[in-house]
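Written below as structure tokens is the structure these notes are about.
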């Protein structure tokens, strides 16, 4: 017979992996992650700059992956010149 205990553990582990890769940050957390002031993120959003974000009603959230992608896109290689 099917072992539900194993299946549930496997599902929980998979869900934990998905949750950690899709973890969201609020504005102060994202600003801290980037090393900037939260108001800078507010300004960037109004100027259509900065990392991708999600608006949930009045709430703004940033996915960790989107913040990391923004950092990677703006990395400068000093030896590339």
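The values are calculated or read from the model by the stated rules, or taken from the named source; none is laboratory data. Bear in mind the structure is a predicted one, so any value in this text is a computation, not a measurement. Backbone-built Cβ (ideal geometry, glycine too); neighbour counts: all protein chains shown.
Using the structure shown, decide if residue 16 is assigned to a helix (DSSP H, G or I) and at pLDDT 95 or above. So residue 16 fails the test. The residues on offer are 48, 37, 74, and the sole one that is at pLDDT 95 or above and touching a helix residue (DSSP H, G or I) at 6+ places or on another chain (Cβ under 9 Å) is 37.
Contact annotation: residue pairs with Cβ atoms under 7 Å, 6 or more positions apart or on different chains, pairing a residue in the range 63-81 that is in contact (Cβ under 8 Å) with a residue 24 or more places away in the chain with a partner that is in a helix (DSSP H, G or I), are 65/21; 67/30; 67/33; 67/34. When the residues of the range 33-62 are filtered to those that are without any contact (Cβ under 8 Å) to a residue 12 or more places away in the chain and in a loop (DSSP other than H, G, I, E, B), the one that is farthest from residue 23 (Cα to Cα) is 47.
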